[in-house]
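K.L.:
Right, I'll just put the structure down here and ask away after.
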Amino acid sequence: MSEVFTECLEKVERRIAAACEKAGRSRDSVRLLAVSKTRPPEAVREAAACGLRLFGENRVQEAQSKIPLCPAGLEWHLIGHLQTNKAKLAVRLFQMVHSVDSLKLLQALEAHADLTLPVLLQVNVSGEAAKFGMKPDEVSATIEAANQMKKCEVHGLMTIPPFSPDPEKTRVHFSALRQLRDRLQEETGTPLPELSMGMSHDLEVAIEEGSTWVRIGTDLFGSRN
Ligand SMILES: *Cc1c(COP(=O)(O)O)cnc(C)c1O
């Protein structure tokens, strides 16, 4: 096993633990999703050998070729934009979808899922034009629609804020997602315990703002080209 990976994992774990402590949260309240996109199956195998079980991929096609070459018993999460015509394939590959960005996609997942499918609704809280994600005012109706579905279950919200080299600048977006979640919980009476937010460079701020899933690629596996 490479010492490089072990060291990276220890460092990420220490950062998560420190952020939890600072925020007065238990370490158990935050899950580490190892983002393995662009990495070969060997990288996943190594991470799994270190005890990681939760992996994130952003493209269905890449996941389709990679997952069969990875150890069994891992949990795969889709974190990237999904076209409705790939929903059928996605429900066979992934145990959870963090990136449901339209009602149409939710309906496609519902149509193809055989089992209960936990999903998160991706919200564009910053209003940045180039980002996928629903508008904050579309989320409530999507949750109401999901509440009538048999397979898809909305467990919470996800966001990808605009990149800023200064993580403090991102805090406002994480905080906006949490406040939106709090409001939607009240309005719809639907429990929304999960917040998927925070990546390599801003996981601390995300945890302080209530993240329950940090999605970490670069700081575990090295930089992507
Ligand atoms: C690539 C990716 C990540 C991981 O980002 P890093 O900065 O490499 O940790 C997290 N979330 C999503 C949606 C991604 O596409």
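The values are calculated or read from the model by the stated rules, or taken from the named source; none is laboratory data. None of these values were measured; they are calculated from a predicted model. Cβ placement follows ideal geometry from the backbone for every residue including glycine, while neighbour counts extend to all protein chains displayed.
K.L.:
I'm checking my understanding of the structure. Among residues of the range 192-211 that are surrounded by fewer than 24 Cβ atoms within 10 Å (Cβ to Cβ) and under 17 Å from Val100 (Cα atoms), which one is nearest to the chain's Cα centre (by Cα)?
P.N.:
Glu194
K.L.:
Also, quick follow-up: So, of the residues in the range 78-92 that are within 16 Å of the ligand (Cβ to nearest atom) and of a type in the set (A, V, I, L, M, F, W, C), which turns out to be nearest to Trp213 (Cα to Cα)?
P.N.:
Residue satisfying both the conditions and the ranking: Ile79.
Residue-wise test of (1) surrounded by 16 or more Cβ atoms within 10 Å (Cβ to Cβ); (2) in a strand (DSSP E or B); (3) charged (D, E, K, R).
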| position | (1), (2), (3) |
| --- | --- |
| Ala48 | yes, no, no |
| Gln61 | no, no, no |
| Trp76 | yes, yes, no |
| Gly80 | yes, no, no |
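K.L.:
Right, another one. Please give the strands (runs of 3 or more DSSP E) falling wholly within the range 144-225 in which 1 or more residues are more than 16 Å from the ligand (Cβ to nearest atom) and among the β-branched types (Val, Ile, Thr). Can you show your working first?
P.N.:
On the way: elements: 152-158, 194-196, 213-216.
Once the strands (runs of 3 or more DSSP E) in the range 144-225 are filtered for at least 1 residues that are more than 16 Å from the ligand (Cβ to nearest atom) and among the β-branched types (Val, Ile, Thr), what remains is 152-158.
K.L.:
Here's a follow-up. Assuming Glu110 fulfils every condition listed in (1) surrounded by fewer than 14 Cβ atoms within 10 Å (Cβ to Cβ); (2) acidic (Asp, Glu); (3) under 25 Å from Glu138 (Cα atoms) apart from one, which condition is it?
P.N.:
For Glu110, the exception is condition (1).
K.L.:
Can you tell which of Ser99, Ser126 is in a loop (DSSP other than H, G, I, E, B) and either of a type in the set (S, T, N, Q) or modelled with pLDDT of 95 or more (or both)? Show your work before the answer.
P.N.:
Working: Ser99 fails: in a loop (DSSP other than H, G, I, E, B).
Every option except Ser126 fails the conditions.
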